[in-house]
Amino acid sequence: MTEKSSTPYNIREKQEKNAAYRSLIRAELADELYEKILNIIIIEKRYRDKDFSAKELAKILNTNTRYISAVINSRFNTNFSCLINEYRIKEAMHKLTDKRYSDMSIESIGAMVGFANRQSFYASFYRIMGETPNHYRKRHTT
């Protein structure tokens with residue numbers, strides 16, 4: 001008899017990986033890329049684009065995905081997908097509790113902040129917040 005996971009949405013623990021290429025990037029280049037990544041993801045709010053990828057970010061910055069990955073891992077202490085989803089969830093949390101969006105469905109809010117589908121929105125929200133978007137909305141609007 002197999003034990004069923006008590007974690008919903010098939011969430012796995014983050015595993016620490018030691019990639020050799022992280023130490024190959026020059027500090028000056030890492031600093032420069034860090035600033036540019038912040039600008040593109042946060043200021044330009046590219047995280048809202050459901051199709052935004054590390055490959056596209058690398059193309060915009062005229063570099064490769066290994067450098068993008070190395071900078072995100074070392075400076076943000078996470079990977080590209082988790083970084084993007086963190087910003088999506090932060091915006092979703094705001095929209096879920098803002099009266100101006102109270103008539104919008106949770107799925108619509110998820111799509112508005114960049115999630116491609118309901119499942120990925122719920123899984124990411126639960127992973128970061130420890131509760132579903134629906135529960136979060138109810139807790140903060142009543």
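Nothing in this text is a laboratory measurement; each read-out follows from the coordinates by a stated rule. What you see is a predicted model; the values in this text were computed from it and never measured. Glycine also receives a Cβ, built like all others from the backbone with ideal geometry; neighbour counts cover every protein chain displayed.
Taking the condition of a type in the set (A, V, I, L, M, F, W, C) and surrounded by 17 or more Cβ atoms within 10 Å (Cβ to Cβ), does residue 89 pass?
When the stated conditions are applied, residue 89 passes them.
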Restricting region 21-59 to residues that are in contact with a Gly (Cβ under 6 Å, 6 or more places away or on another chain) and in a helix (DSSP H, G or I), which is surrounded by the fewest Cβ atoms within 10 Å (Cβ to Cβ)? 48
Matching residues in region 100-129 (in contact (Cβ under 8 Å) with a residue 40 or more places away in the chain, under 20 Å from residue 139 (Cβ atoms) and either surrounded by fewer than 20 Cβ atoms within 10 Å (Cβ to Cβ) or not hydrophobic (A, V, I, L, M, F, W, C) (or both)) number 6
Exactly one condition in (1) touching a residue at least 12 places away in the same chain (Cβ under 8 Å); (2) under 15 Å from the mean Cα position of the chain (by Cα) is false for residue 38; which is it? (1)
Do you know which residues across region 69-108 are under 15 Å from the mean Cα position of the chain (by Cα) and hydroxyl-bearing (Ser, Thr, Tyr)? 69, 78, 81, 87
The condition of being surrounded by 12 or more Cβ atoms within 10 Å (Cβ to Cβ), without any contact (Cβ under 8 Å) to a residue 12 or more places away in the chain and farther than 20 Å from residue 46 by Cα holds, among 132, 97, only for 132
Look at residue 104 and say whether it is more than 22 Å from residue 51 (Cα to Cα) and not charged (D, E, K, R). yes
